[in-house]
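**Q** Below is the structure I would like to discuss, written out as structure tokens.
The values are calculated or read from the model by the stated rules, or taken from the named source; none is laboratory data. All values reported here derive from a predicted model rather than from experimental measurement. FYI the Cβ positions are ideal-geometry reconstructions off the backbone, even for glycines, and counts take in every protein chain you see.
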Amino acid sequence: MERLRDALLRTFALDGCVSVRVLSAANLVREAAQRHGTSPTATVALGRALMGGLLLASEGQDGERVQLRVRGNGPLGTLLVTADSDGAVRGYAANPTTDVPLRGEHLGICDAIGFGELHVERNHASWKRPYAGIVPIVEGEIAQDLARYLLESEQKPSAVALGVYLGRDGKVEAAGGYLVQSLPGAADTVLADFEQRVVETLHPSELLRDGATVEEILARLLGDVRRETCQTIEPRFSCPCDSERVIRAALLLGREEIREIVATEETLEVRCEFCAELYRIPPDELGRRSPDA
């Protein structure tokens, strides 16, 4: 199967009264699954969370960062995602190998997540403090809970769809989503028309799996409604960790612990939670950088 193009389209319709975001991210979700060695259930849950974070970050101002934490009492544990407005995203599941029985033909994502809280934090370098909101996890399917958060915490009526399509081998074949949001000034009749169009639109991952493009999904959602020029963002799994950051973090270990590592000539191994990259710090490097070793 030909690899789908990852892209995030964003536009405004009806003189800025409606915001529309459409996302295709199969390659991104595939990379996250490979990095973390996720089970099929965890692949879908983490993929939805990554795409949800991207959609929320893309509707913010340039330079804005969103952190999304799904903390349920199910076996999957916490899902943690950070996303930037330029399309960079990273994240992980606390228990990535968790799997649950199928619910008919569907993965039991809500059973894997369980009940708990959805915490969303928005931050920007120019702000004095971040904006944070918390809502209870009711659906456990992530998209519906994000729509609840947007309505209750940010007073933005929204339609959110997120999906990951897995093949019979458990591999990611398609992944995508959309966020349709009414903004101040939108008439009720206009919103009703959009709501009906959303209902009539098939699930984004199924449309993408069948060959639709993000541009075609956007056209389905907008119909004949006038819109502004689309902006395109390239979503990507990106983590800022590197050897230097890891060494600086390792130097925060206790003085005695560093001395013991150096004395035993043991190579320190550190794995980044967000991207699963493994770093190895030689004992002589740790000793050279630590004034107390």
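**Q** Of the residues that sit in segment 216-241 and are surrounded by 12 or more Cβ atoms within 10 Å (Cβ to Cβ) and of a type in the set (D, E), which one is nearest to Q34 (Cα to Cα)?
**A** E234
**Q** Looking at segment 1-22, which of the residues that are acidic (D, E) and within 29 Å of R168 (Cα to Cα) is modelled with the highest pLDDT?
**A** Only one residue fits best here, namely D6.
**Q** For residues in segment 56-105 being hydroxyl-bearing (S, T, Y) and in contact with a strand residue (DSSP E or B) (Cβ under 7 Å, 6 or more places away or on another chain), which is farthest from A25 (Cα to Cα)?
**A** Filtering segment 56-105 for residues that are hydroxyl-bearing (S, T, Y) and in contact with a strand residue (DSSP E or B) (Cβ under 7 Å, 6 or more places away or on another chain), the one farthest from A25 (Cα to Cα) comes out as T78.
**Q** Is it true that some residue in segment 55-65 is closer than 21 Å to S153 by Cβ, at pLDDT 95 or above and either charged (D, E, K, R) or assigned to a strand (DSSP E or B) (or both)?
**A** no
**Q** Follow-up question, since we're still on this one. What residue, among those in segment 120-143 that are buried (at least 18 other Cβ atoms within 10 Å of the Cβ) and within 19 Å of D84 (Cβ to Cβ), is modelled with the lowest pLDDT?
**A** Step by step, filter segment 120-143, then rank; the result is R122.
**Q** Looking for something in contact (Cβ under 8 Å) with a residue 40 or more places away in the chain, surrounded by 20 or more Cβ atoms within 10 Å (Cβ to Cβ) and closer than 25 Å to L278 by Cα - is there at least one such residue anywhere in segment 6-20?
**A** Scanning segment 6-20, I find no residue that is in contact (Cβ under 8 Å) with a residue 40 or more places away in the chain, surrounded by 20 or more Cβ atoms within 10 Å (Cβ to Cβ) and closer than 25 Å to L278 by Cα, so the answer is no.
**Q** Checking V262 against (1) crowded, with 16+ Cβ neighbours inside 10 Å; (2) within 23 Å of Y92 (Cα to Cα), which single condition isn't satisfied?
**A** With (1) crowded, with 16+ Cβ neighbours inside 10 Å; (2) within 23 Å of Y92 (Cα to Cα) applied to V262, the lone miss is (2).
**Q** Pairs, please: C-beta under 7 Å, at least 6 apart or cross-chain, first residue more than 20 Å from G167 (Cβ to Cβ) and in segment 203-223, second in a helix (DSSP H, G or I)?
**A** What qualifies is I217/P204; I217/L207; L221/R197; L221/V198; G223/R197.
**Q** When residues of segment 37-53 are filtered for being farther than 15 Å from T82 by Cβ and not small (G, A, S), how many remain?
**A** Selection size over segment 37-53: 6.
**Q** Something else now. Please list, ordered by first then second residue, the pairs with beta carbon atoms under 6 Å, 6 or more apart or interchain, first in segment 46-70 and within 25 Å of D111 (Cβ to Cβ), second of a type in the set (K, R) and assigned to a strand (DSSP E or B).
**A** L55/R21
**Q** It is to be established whether one or more residues within segment 50-61 are over 19 Å from A276 (Cα atoms) and touching a His at 6+ places or on another chain (Cβ under 9 Å).
**A** yes
**Q** Filter segment 228-276 down to residues that are part of a loop (DSSP other than H, G, I, E, B), in contact (Cβ under 8 Å) with a residue 60 or more places away in the chain and of a type in the set (S, T, Y), then give me how many there are.
**A** 2
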